[in-house]
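Okay, so here's the structure we're looking at.
The values are calculated or read from the model by the stated rules, or taken from the named source; none is laboratory data. Worth saying up front: this structure is predicted, and the values here are computed from it rather than measured. Positions of Cβ are backbone-derived with ideal geometry, glycine not excepted, and every protein chain shown enters the neighbour counts. Side chains are part of the model used for accessible areas, which takes the heavy atoms of the whole protein and leaves out ligands, DNA and RNA. Shrake-Rupley method; radii C 1.70, N 1.55, O 1.52, S 1.80 Å.
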Amino acid sequence: MIRQPLVDLAAQHAEIGAAVLAEVERLFAAGTFIGGEPLQRFEREFAKLCQTAHCVGVGSGTDALHLALRAAGVGPGDEVITVPLTFVATAEAVVQCGARPVLVDVRPDTLVMDIGRLSAARTARTRAVLLVHLYGRLADVDAAQAWCRAHGVVLVEDAAQAHGARLGGRAAGSFGDAGAFSFYPSKNLGAAGEAGAVVTSRDDLAEQVRRLRDHGQAARYLHAVSGFNSRLDALQAAVLAVKLERLDRWNERRRALAGVYHERLAAVPGVTMPPRAADLESHVHHLFVVRVRDRDRVRQTLARHGIETGVHYPVPLHLQPAFRELGYAEGAFPAAEAAAREVLSLPLYPQLDGATVHRVCDALEAAL
Ligand SMILES: *Cc1c(COP(=O)(O)O)cnc(C)c1O
């Protein structure tokens with residue numbers, strides 16, 4: 001039996017390992033591990049991809065969210081509106097600012113924030129909307145932007161799954177006041193460990209995040225605010241710069257494989273999928289997610305055939321023990337709860353071949 005993982009980082013290493021290790025060797029020889037040219041170069045290149053004036057590398061995607069919100073003025077007593085169907089870090093970042101996450105349900109079809117629900121969730125304390133581009137699909141950015149502008153609310157994008165996604169030529173991270181990215185190893189652009197970045201075209205936000213990531217330093221040993229130690233390692237920046245050159249090509253490959261999945265599974269009874277994005281570039285397919293009833297049984301059957309799958313995410317935030325005190329009950333967000341019961345992530349990464357996609361589809365059909 002051939003074992004098929006959900007993501008295969010060894011296959012990625014086989015493709016680009018030599019180029020990555022050459023950069024690592026160079027960095028060790030130079031002995032510059034914090035800051036310096038590799039960091040500046042990556043920040044410059046990533047800002048270019050995101051079409052923003054600034055990129056500030058930080059220690060993780062979670063820190064990127066936290067520092068972006070904090071720089072935007074989110075603090076105790078504030079509310080930040082986001083969604084229940086996301087990775088936990090989205091809400092943790094709000095809590096780390098001393099603020100309160102307020103949740104609105106997702107759209108039942110695309111599983112991104114239902115912008116139509118924002119007005120009912122707004123209070124005098126609403127400070128920001130944290131918009132998640134789930135699975136690599138841009139959320140409804142134009143509607144979110146319009147709503148936030150109309151109500152004087154800050155817009156921050158959780159773009160941890162959407163590196164390089166574009167709508168009408170505009171890039172993920174450039175729609176909000178700031179965008180937060182994760183470079184967790186399995187993301188579309190992944191480091192060799194923990195890493196993240198905040199992108200923004202607002203000079204004030206960029207300056208504040210730069211300070212916050214480095215102990216609040218305004219100048220050497222002059223600490224303007226009490227900050228954090230959350231810099232992006234030069235080593236990670238050097239690794240990321242190599243991979244960044246491949247990102248658009250890798251995203252294109254993900255899109256092509258997602259297209260094969262879509263065609264194969266469209267007519268399979270018992271499988272539903274989020275509709276294809278009208279603008280294909282607006283989805284970078286960090287994950288390929290289908291919905292099936294009896295998900296856990298299907299998952300076990302696929303596992304017996306050697307096919308690894310994922311569930312993103314099995315328990316929505318409002319039903320997590322950690323967020324019980326937000327006071328939401330089961331049934332509060334029906335679309336997110338239904339998705340949590342049914343979503344199943346199938347193997348997808350740029351080095352995957354089309355024949356394997358067909359094999360996964362065969363196995364899924366048989367399992368159903
Ligand atoms: C990965 C991820 C994060 C957190 O990023 P880390 O780098 O793991 O801290 C936040 N939000 C979403 C949607 C993610 O997928």
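All told, residue 192 meets the bar of being touching a residue at least 40 places away in the same chain (Cβ under 8 Å) and within 16 Å of the ligand (Cβ to nearest atom).
Looking at the stretch 132-146, can you tell me whether even one residue there is closer than 18 Å to residue 88 by Cβ, touching a helix residue (DSSP H, G or I) at 6+ places or on another chain (Cβ under 7 Å) and part of a strand (DSSP E or B)? Among the residues of the stretch 132-146, at least one is closer than 18 Å to residue 88 by Cβ, touching a helix residue (DSSP H, G or I) at 6+ places or on another chain (Cβ under 7 Å) and part of a strand (DSSP E or B), which makes the answer yes. For the stretch 273-293, name all the residues that are within 16 Å of residue 310 (Cα to Cα) and not aliphatic (A, V, I, L, M). Correct list: 285, 286, 288, 291, 293. Across the stretch 70-93, the qualifying residues are those that are farther than 17 Å from residue 179 by Cβ, of a type outside the set (A, V, I, L, M) and within 15 Å of the ligand (Cβ to nearest atom), and the one among them that is surrounded by the fewest Cβ atoms within 10 Å (Cβ to Cβ) is 92. Under the condition of being in contact with a Gly (Cβ under 9 Å, 6 or more places away or on another chain) and more than 16 Å from the ligand (Cβ to nearest atom), the residues counted in the stretch 51-69 number 2. Restricting attention to the stretch 39-72, the residues that are of a type in the set (Lys, Arg) and within 11 Å of residue 212 (Cβ to Cβ) total 1. Taken residue by residue, the stretch 168-191 has at least one member that is basic (Lys, Arg) and either under 21 Å from residue 242 (Cβ atoms) or not in a strand (DSSP E or B) (or both). Against the test of being in contact (Cβ under 8 Å) with a residue 24 or more places away in the chain and either within 16 Å of residue 7 (Cα to Cα) or of a type in the set (Gly, Ala, Ser) (or both), the options 357, 315, 343 yield a single qualifying residue, 357. The set of residues in the stretch 195-222 that are within 22 Å of the chain's Cα centre (by Cα), of a type in the set (A, V, I, L, M), outside any helix (DSSP H, G or I) and away from the ligand (no atom under 16 Å from the Cβ) is empty. Scanning the stretch 144-157 for residues that are of a type outside the set (A, V, I, L, M) and either open to solvent by less than 10 Å² (accessible area, probe 1.4 Å) or over 19 Å from the mean Cα position of the chain (by Cα) (or both) returns 147, 148, 149, 151, 152, 157. Filtering the stretch 165-181 to residues that are open to solvent by less than 10 Å² (accessible area, probe 1.4 Å) and within 15 Å of the ligand (Cβ to nearest atom) leaves 165, 172, 173, 178, 179, 180, 181. Residue 101 meets each of the listed conditions (1) part of a helix (DSSP H, G or I); (2) within 16 Å of the ligand (Cβ to nearest atom) apart from (1). For residues in the stretch 223-243 being touching a Lys or Arg at 6+ places or on another chain (Cβ under 7 Å) and closer than 22 Å to residue 45 by Cα, which is nearest to the ligand (Cβ to nearest atom)? Filtering the stretch 223-243 for residues that are touching a Lys or Arg at 6+ places or on another chain (Cβ under 7 Å) and closer than 22 Å to residue 45 by Cα, the one nearest to the ligand (Cβ to nearest atom) comes out as 230.
Residue check: is residue 41 over 17 Å from residue 235 (Cβ atoms), more than 16 Å from the chain's Cα centre (by Cα) and open to solvent by 60 Å² or more (accessible area, probe 1.4 Å)? For residue 41, the condition - over 17 Å from residue 235 (Cβ atoms), more than 16 Å from the chain's Cα centre (by Cα) and open to solvent by 60 Å² or more (accessible area, probe 1.4 Å) - is not met. Of all residues in the stretch 324-349, those satisfying the criterion of being in a loop (DSSP other than H, G, I, E, B) and open to solvent by 20 Å² or more (accessible area, probe 1.4 Å) are 327, 328, 329, 330, 331, 332. Of the residues making up the stretch 43-61, none is of a type in the set (Ser, Thr, Tyr), in contact (Cβ under 8 Å) with a residue 24 or more places away in the chain and not in a loop (DSSP other than H, G, I, E, B).
Taking the criterion of being outside any helix (DSSP H, G or I), among the aliphatic types (A, V, I, L, M) and under 28 Å from the mean Cα position of the chain (by Cα), the residues of the stretch 1-32 that qualify are 6, 7. Restricting the first member to the stretch 120-136 and to residues that are open to solvent by 10 Å² or more (accessible area, probe 1.4 Å) and more than 11 Å from the ligand (Cβ to nearest atom), and the second to residues that are among the hydrophobic types (A, V, I, L, M, F, W, C) and assigned to a strand (DSSP E or B), the beta-carbon pairs closer than 6 Å and six or more apart or on different chains are 121/81; 121/102. When residue 17 is tested against (1) surrounded by fewer than 19 Cβ atoms within 10 Å (Cβ to Cβ); (2) closer than 30 Å to residue 126 by Cα, just one condition goes unmet, and that condition is (2).
Of the residues making up the stretch 1-26, just one is modelled with pLDDT under 95 and β-branched (Val, Ile, Thr), namely 2.
Of all the criteria given as (1) assigned to a helix (DSSP H, G or I); (2) surrounded by fewer than 16 Cβ atoms within 10 Å (Cβ to Cβ), the one not satisfied by residue 251 is (2).
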